[in-house]
Amino acid sequence: MNLTRSGYRARKSILVTGGAGFIGSHLCDRLLADDHEVICLDNFFTGAKQNIDHLIGHPRFELLRHDITFPLYVEVDAIYNLACPAAPIHYQCDPVQTTKTSVAGAINMLGLAKRLKCPVFQASTSEVYGSPKIHPQTEDYWGHVNPIGPRSCYDEGKRCAETLFFDYHRQHNIQIKVARIFNTYGSRMHLNDGRVVSNFIVQALKGEPITIYGDGKQTRSFCYVDDLIEGFIRFMNSPPNLTGPINLGNPGEFTIGQLAELVIELTGSQSKIIHLPLPQDDPHQRKPDVTVAKEHLGWSPSIALREGLRSTIDYYDRLISNKANVMPS
Ligand code: NAD
Ligand code: UDP
């Protein structure tokens, strides 16, 4: 019998799908530090065993290799659904699987939550706003998304997942927590996943050209992973009627050109900037309005880009210089 589910102890058994990925592995760390039991589920499409190596053997940690597009039977008290490739080059290399992961994966995790009568958190994304027509983006904006482009498997997959979450909530009274995550960075981002922060840092550390796509005037808002995880925990612990969607991100807005300059400055690199073509449907600007998170979760990010970049640069520096190629945690 699971004592937690009958309310005898504060320790919960928590499923983290995508737990071996960048954000998922940080979430596993935090939940274990908060004294919970963690089942980390992953199919290792983009995740890495190195991200969770340090947790193997922990008495409250269990690793499960599984693909969420298939049904899952476990007994837990709460579910965080993070499984889905997040970097454009990863989600575009098998777009059909990306949509399946978002849509069939959501159905499986919602079905599990329905049987267990437990809360389920969805890692949605600012990509549901597409290339936005309002700025900054508030949760009531419906978005401007191309349904048939190269980013659509991810954007529309995540939009459909949100639809499923709200329909399960209305139809089956499932307790849902839908977070729209804006660009997040930190240690354990895949070295070659093509995302801008990891790309620029690795290029700068190796003395290679910094590749700005387009003119570099497009903007993004970058949230450090520790801030994001704090937002997840507060949201999951919030009253059951708080379903979201809630934006989680750092409202500081930077052009990609500014990010490149900052990475060069902080690494002391001699790298030169080069310009490459802008990918199709690349959003022109993105910045979260986090008023809802502030009001309902008492959450706002506290780690400035410069500070977060410093520790991320340290991580990649150790990673690149580690000859055995063992990822530091
Ligand atoms: P990531 O690629 O590092 O992690 C995703 C994890 O999911 C990986 O470990 C991968 O192996 C696993 N996975 C993929 N498909 C799976 C499947 N079918 N079954 C089981 N596991 C599967 O990406 P991340 O940056 O850590 O993103 C985590 C979540 O947060 C994703 O859902 C992503 O859409 C969302 N998100 C991330 C960002 C960001 O900036 N990092 C922004 C918005 C939303
Ligand atoms: N980008 C860039 N150079 C790179 C990688 C990305 O200029 O080496 C740009 C990309 O075109 C986009 C922004 O940086 O405008 C953020 O890209 P990322 O893939 O990190 O995230 P997303 O586009 O999903 O927000």
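What trypsin sites (Lys or Arg not before Pro) does segment 101-155 have in DSSP loop regions with at most 14 other beta carbons within 10 Å?
Answer in residue order: LYS117, LYS133.
For the chain, what ratio Rg/Rh do Cα atoms give with a Kirkwood hydrodynamic radius?
Rg/Rh: 0.95.
Counting other Cβ atoms within 10 Å, which trypsin sites (Lys or Arg not before Pro) in segment 171-266 have at most 14 and lie in a DSSP loop?
Loop-located and lightly packed - LYS217.
Per DSSP helix of 4 or more residues, -39500 (n - 2.57); summed, then divided by the residues of the chain. What does that give at 222 nm, rounded to the nearest 500?
Here the helix-only value at 222 nm equals -11500 deg cm²/dmol.
Could you check what % of the DSSP bridge pairs in the chain are antiparallel, to the nearest 5?
Around 10 percent of the beta bridges assigned by DSSP in the chain are antiparallel ones.
What lysines could a cross-link reach from LYS177, if we take a straight Cα to Cα line under 26 Å and drop same-chain neighbours fewer than 8 places away?
LYS12, LYS100, LYS114, LYS117, LYS133, LYS158, LYS287, LYS294
Can you list the HN-Hα couplings for segment 13-18, worked out from phi with the Karplus curve (6.51, -1.76, 1.60; θ = phi - 60°), rounded to whole Hz and with x for Gly and Pro?
Using θ = phi - 60°, the values come out as 9, 10, 8, 10, 7, x Hz.
Please sort by residue number the chymotrypsin sites (Phe, Trp or Tyr not before Pro) in segment 41-125 whose DSSP state is loop and whose Cβ has at most 16 other Cβ atoms within 10 Å.
PHE44, TYR73
Could you tell me how many degrees, from 0 to 90 and to the nearest 10, lie between the Cα long axis of helix 95-116 and the main elongation axis, the longest principal axis, of the Cα atoms of the chain?
Long axis of 95-116 versus the principal axis of the chain: about 30 degrees.
Let me have the relative contact order for the chain, percent, based on Cα pairs under 8 Å that are six or more residues apart.
That works out to 17 percent.
About the Cα centre of segment 63-162, how large is the charge dipole given +1 on each Lys and Arg Cβ and -1 on each Asp and Glu Cβ? Please answer in debye to the nearest 20.
Magnitude of the dipole: close to 160 debye.
Most fluctuating residue of SER300, SER269, SER25 in a GNM of the chain with Cα springs under 10 Å: which is it?
SER269
Every number in this text was worked out from the coordinates using simple rules, so none of it is lab data. Values in this document were obtained by computation on a predicted structure and should not be read as measured data. Note that each Cβ is placed from the backbone with ideal geometry, even for glycine, and that neighbours are counted across all protein chains shown.
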